[in-house]
Every structure is written in structure tokens, then in C-alpha cells.
Amino acid sequence: MFKGRHFDQSVILLCVRWYLASDLSLRDLEEMMAERGLSVDHSTVHRWIIHFSPQLLDCFHQRKRVVAGKWNLDETYIKVRGQWMYLYRAIDSVGDTVEFFFSEHRDLSAAKRFLRKAFARHGRSDRITVDGSQTNHEAIVSCDLEDRLRDMTRRSAKPIRIFKSKYLNNRIEQDHRRTKRRVRSMLGFKSMASARIILDGIELVHMMRKRQARFVYNPRLSIANQFEILAA
């Protein structure tokens, strides 16, 4: 993953981790590296984040713990170039992140794409709670039917139970906060592509904090340790 890089792996991982996990700007990291005798331009740090975040996330998904069958689904707002975009997210009954999907639109098509992604990675849910959104309800019904018809053995399977409740969905509303807090401290996203990658990285750290990797058997294993394991 780091072959041929001018800087040592530890420096790259440090910058990527600090940016995704802490309220630090790219120029803050440039100054912090300079204090350590390293001349690293802030644009270089940004390139590291864009290049390595997807690879680290892929490695994490290969080692991600199985999620529970009861999900809470919701979307939250993220601003890109002054326009509101939408981050679809789902967590399970113990608060673990199930899946996330960044979309330019908030409609039936986007909700279906999110659910198809979640079903492909984790299988069908037994129950999904939404906040009353009719669009999300229709997406669940449609994707559930698609999935059961695609697999002949599931024709007799019960449909996913859907609960509509603003109050029952407070769990995921609270879970949005860490992601929103990190995004709020940034200067803003300049493009949809970079926003998607950085949000994926932020969600990666969020899952690490929840200790969702199968290799996190030691409760004292830090975020830094988890980054090193993924990069090994």
C-alpha cells in the first residue's frame, strides 16, 4: 500500500488518522509536521487522505464484525459547494454502523441504492426503523421484494418489518452527531468526489471507535493501533 512513497508509512498514517479523527485542518497538520522537522505540504496530506482512506476502508470491511438484524435508518445533511447533499446511514440494535451512502439527492432512487449496498454487504435485515419517511418506507419494501425474488429460496421468507417512529429513531439521530461534528470543523467540501471519500474515512474512524473490527479483541487497542493493523 505504501510502496514507493517518499515519506515513511508511520508519517502518512499519522496524518490521515489525525485529520479523519480530530478537529484539525490540513494546514494544522502541515504546521505540526514542521514542528517535528518534516516538510509536508498541506496539499500532500490531502492527497494522502484521498488515496489511502478508500484502501483502509476496504481492508476494514474485510474484517468487520457481523451486524445485528434490527436496523435504524436515516439520512443527514452535508453541505458541498454551498449545496445540501445527503448522507444515508444505518446502525443496528447495539449501535454498530451497518452502512452509509453519500448522495446528491434525497429521493427513492438514492434510498434504494443505499439499501441495495447494505443488503449486498450484510444481507436482509429482520426489522428496519425509519423516522416516518414515506420514501424510505417505499425503498425498503421495493428492495426487500427484489432481494427475495432474486433468491428462489427466500420466496417464503417473511418481509422486512418496518417501524415508523420519530422517537424510536432517536438512536441514529444521536449517532449522526460525531460525523456532523467532524464535518462542521472543516472549511467545507469543494467537490462531491472528495466529500464522499473523506466522509467514508470519517465513518471508518467512527466504526473503529465502536470497535467493530473482528481483530479488536483487546479493549485497550487504540485507533492508532487499528490503523497500523489495517495497513500491515
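The values are calculated or read from the model by the stated rules, or taken from the named source; none is laboratory data. These numbers were taken from a predicted model, which means no experiment stands behind them. As a convention, Cβ positions derive from the backbone with ideal geometry for all residues, glycine included, and neighbour counts pool all protein chains shown.
A count restricted to region 111-125 and to residues that are buried (at least 18 other Cβ atoms within 10 Å of the Cβ) and either of a type in the set (S, T, N, Q) or without any contact (Cβ under 8 Å) to a residue 24 or more places away in the chain (or both) stands at 1. Please work out which residue is nearest to ILE49 (Cα to Cα), limiting yourself to region 167-180 and to residues that are in a helix (DSSP H, G or I) and either in contact (Cβ under 8 Å) with a residue 24 or more places away in the chain or β-branched (Val, Ile, Thr) (or both). Of everything passing the filter in region 167-180, THR179 is nearest to ILE49 (Cα to Cα). Scan region 202-223 residue by residue and report those that are surrounded by 15 or more Cβ atoms within 10 Å (Cβ to Cβ) and over 17 Å from the mean Cα position of the chain (by Cα). VAL216, LEU221 - these are the residues of region 202-223 that are surrounded by 15 or more Cβ atoms within 10 Å (Cβ to Cβ) and over 17 Å from the mean Cα position of the chain (by Cα). Can you find a residue that is closer than 26 Å to ARG127 by Cβ, at pLDDT below 95 and surrounded by 15 or more Cβ atoms within 10 Å (Cβ to Cβ) anywhere in region 78-98? Yes, because at least one residue in region 78-98 is closer than 26 Å to ARG127 by Cβ, at pLDDT below 95 and surrounded by 15 or more Cβ atoms within 10 Å (Cβ to Cβ).
Are any of the residues in region 130-145 of a type outside the set (Gly, Ala, Ser), more than 18 Å from ASP74 (Cα to Cα) and either in contact (Cβ under 8 Å) with a residue 12 or more places away in the chain or part of a loop (DSSP other than H, G, I, E, B) (or both)? Yes. Considering only region 68-80, I want to know if a residue exists there that is touching a helix residue (DSSP H, G or I) at 6+ places or on another chain (Cβ under 9 Å) and farther than 30 Å from HIS137 by Cα. So far as region 68-80 goes, no, none of its residues is touching a helix residue (DSSP H, G or I) at 6+ places or on another chain (Cβ under 9 Å) and farther than 30 Å from HIS137 by Cα. Within region 182-232, being among the basic types (Lys, Arg) and in contact (Cβ under 8 Å) with a residue 40 or more places away in the chain holds for ARG182, LYS190, ARG196, LYS210, ARG214. The helices (runs of 4 or more DSSP H) found entirely in region 8-74 that carry 1 or more residues being in contact with a strand residue (DSSP E or B) (Cβ under 8 Å, 6 or more places away or on another chain) are 42-62. Scanning region 89-117 for residues that are within 24 Å of ARG150 (Cα to Cα) and either among the β-branched types (Val, Ile, Thr) or outside any helix (DSSP H, G or I) (or both) yields ALA90, VAL98, GLU99, PHE100, PHE101, ASP107.
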